[in-house]
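Read through the structure below, which is laid out as structure tokens, and then see the notes.
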Amino acid sequence: MRGGLGIVSVDYMCSAGFNVQNDSGEKFMLTAGHCVIGGNYTWFRYSGNIKLGSQVDWSFEPGDWAVIDHTNPDVTPYGTIQYKDGSEGQITNSRWASDNEKVKRVGTVSQDLDGMVLDPSVTVTFDDGATLYNMIETSLCVRHGDSGGPMFTGTTALGINSGGNYADRPCGNTDAQPDRVSFHHPVQDVLNKQDLKVY
């Protein structure tokens with residue numbers, strides 16, 4: 001199991017974020033907190049419908065993150081993200097995002113995208129009225145189903161995709177589009193609160 005792959009619970013699809021671990025080596029998966037609202041607590045890999053585990057903690061308003069415990073011994077959670085062409089990228093560290101830095105995003109629905117951080121800490125109110133704070137705003141396009149997916153630069157984990165504007169429309173190409181923005185919960189915030197780390 002790698003970051004960026006599709007995950008499903010009941011009839012809800014999201015994207016796996018980063019695989020992380022605690023000091024004892026127990027493995028967990030990060031995704032978006034709004035994905036678990038409504039009882040979507042047990043998660044399966046979309047490909048093969050293989051059980052992954054159940055959520056152990058989450059937040060939606062003021063943040064947007066969830067921690068899923070990897071409980072299936074037949075699933076190996078790798079500390080990598082998977083690109084659409086099947087290749088992998090190793091994640092070795094994490095930090096807070098910096099203004100104007102170049103970033104990448106992978107997710108279940110849309111293609112792999114390159115962009116940049118527009119603001120490392122913004123308040124955003126989505127169409128459903130939810131207000132989130134201290135979110136990372138980027139130029140990356142996202143679509144419904146990409147929620148929870150990893151946003152990163154090189155081997156460094158930065159954010160967990162929460163949503164963006166025009167998420168019901170296709171993304172144009174592999175680069176940023178001038179009319180599209182997206183918002184991500186800072187991964188370092190979750191790791192600090194939960195005593196977790198990437199690997």
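With all protein chains kept in place, the per residue accessible area of the chain amounts to 43 square angstrom at a probe of 1.4 angstrom. Shown for the chain: the carbon plus sulfur share of the solvent-accessible area, taken with all protein chains present and a 1.4 angstrom probe, equals 46%. Principal axis extents of the C-alpha atoms in the range 1-110 (largest first, rounded to whole Å): 37, 34, 33. Averaging Cα coordinates gives a centre for the range 38-105 and one for the range 152-188; these two points are 15 Å apart. Run the reach check for LYS51 against lysines, Cα to Cα strictly under 29 Å, same-chain hits fewer than 8 apart removed. What comes back? Leaving aside lysines fewer than 8 places away in the same chain, those within reach of LYS51 are LYS27, LYS84, LYS104, LYS193, LYS197. Modelled spin-label separation between ARG169 and SER87, with each label point placed 7 Å from Cα along the Cα-to-Cβ direction: 3.0 nm. With a Förster radius of 41 Å applied to the C-beta separation of THR71 and MET116, the computed FRET efficiency comes to 0.65. The charge dipole of the chain, taken about its Cα centre with unit charges on the Cβ atoms of Lys, Arg (+1), Asp and Glu (-1) only, comes to about 420 debye. Once C-alpha pairs closer than 8 Å and six or more residues apart are averaged by separation and normalised to the residue number of the range 1-142, the relative contact order reads 20 percent.
Packing here is the average count of other Cβ atoms within 10 Å per residue, and on that basis the peptides 96-102, 15-21, highest first, run 15-21, 96-102. Positive end of the dipole of the chain (Cβ unit charges, origin at the Cα centre): among PRO170, PHE183, GLY38, the Cα lying farthest that way belongs to PRO170. Calculated on C-alpha atoms, the gyration radius of the chain divided by its Kirkwood radius gives an Rg/Rh of 0.92. Contact order for the range 91-199, expressed relative to its length and based on alpha carbon pairs under 8 Å spaced 6+ residues apart, stands at 32 percent. PRE reach from THR131 (point 7 Å along Cα→Cβ): which of the range 33-67 fall under 13 Å by backbone N? Answer for the range 33-67: 61-63. The smallest convex shape that holds all Cα atoms of the range 70-110, its convex hull, gives 135 Å³ per residue. Between GLY148, GLY6, VAL124, the Cα set farthest toward the positive side of the dipole of the chain (charges on each charged residue's Cβ, about the Cα centre) is that of GLY6. For the residues THR156, THR125, THR31, a GNM of the chain with alpha-carbon springs under 10 Å puts the largest fluctuation on THR125.
The values are calculated or read from the model by the stated rules, or taken from the named source; none is laboratory data. All values derive from a computational prediction rather than experimental measurement. Methodologically, a virtual Cβ is constructed for each residue, glycine included, from the backbone with ideal geometry; neighbour enumeration extends over all protein chains shown. Areas reflect the complete protein model, heavy atoms only, side chains present, ligands, DNA and RNA absent. Shrake-Rupley method; radii C 1.70, N 1.55, O 1.52, S 1.80 Å.
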